[in-house]
Amino acid sequence: MKRVPDLPPVIPVFPLPGALLLPRARLPLHIFEPRYLAMLDDCLKTDTRLIGMVQPNEVRGREGNGLHRIGCAGRVTQFSETEDGRYMITLSGISRFRVTSEVEGFTPYRRCEVDWAGFEQDQNPAEEEDHFDRVAFLKLLDRYFTARELSADWETLQEAENELLINSLSMLLDFEPEDKQALLEAPSLSTRRETLVTLIEYALRGGTEDGVMQ
């Protein structure tokens, strides 16, 4: 992953419920709304080519800008245009950030002042998970996929590095936006794995509260 040494203080943000981007992971996006087409055009003119993915927050909508405080910025690393003017892009996760304020201006899309402090490890090499019981985790995942009648490429899952496995599942599995936010805000790979296991176990119980880890 290319390191971005000078992360900008202001970035465009894309509020998209349930869409999770994590550092060192990749998120494909379909861009078709005029305001986000304008955002992409402006983004591609910058040196960093960063877009901030952030979850809407209904509670903060009553208090302020309607965005969660923590998001993750991705660098546009791939893009292709369709015949009717839409774009298929890939964001490569660079670093999480904290939203400090929204920038008023004349762009049709939203921009925010952001603080990158506290997330310096996001641009480091992949995290290790020293106490990860992969056998037990994959058995749990098999139960989840069976219950949801989902198919999986088990060979790929078994061969994936720990961080890639945990982060990819965090991004792909169908959790509520607030659950996705919890996965994003996890301070370490170990914490994210524990949160992911809790969410899978919760789903297997049919969403009942009994025994949910706190």
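VAL99: of a type outside the set (Ser, Thr, Tyr), touching a Cys at 6+ places or on another chain (Cβ under 6 Å), crowded, with 21+ Cβ neighbours inside 10 Å and closer than 26 Å to GLU127 by Cα, yes or no?
In short, yes.
Can you confirm whether LEU196 is modelled with pLDDT of 90 or more and among the aliphatic types (A, V, I, L, M)? Yes.
Considering every residue within the stretch 87-103, establish whether at least one is over 18 Å from the mean Cα position of the chain (by Cα) and assigned to a loop (DSSP other than H, G, I, E, B). No, because not a single residue in the stretch 87-103 is over 18 Å from the mean Cα position of the chain (by Cα) and assigned to a loop (DSSP other than H, G, I, E, B).
Considering ASP142, ASP84, ASP122, ASP179, the condition of being assigned to a loop (DSSP other than H, G, I, E, B) and not aliphatic (A, V, I, L, M) is satisfied by ASP84 alone.
The values are calculated or read from the model by the stated rules, or taken from the named source; none is laboratory data. Predicted, not measured: the structure shown is a model, and the values here were computed from it. Every residue, glycine as well, gets a Cβ built from its backbone with ideal geometry; the counts of neighbours run over all protein chains shown.
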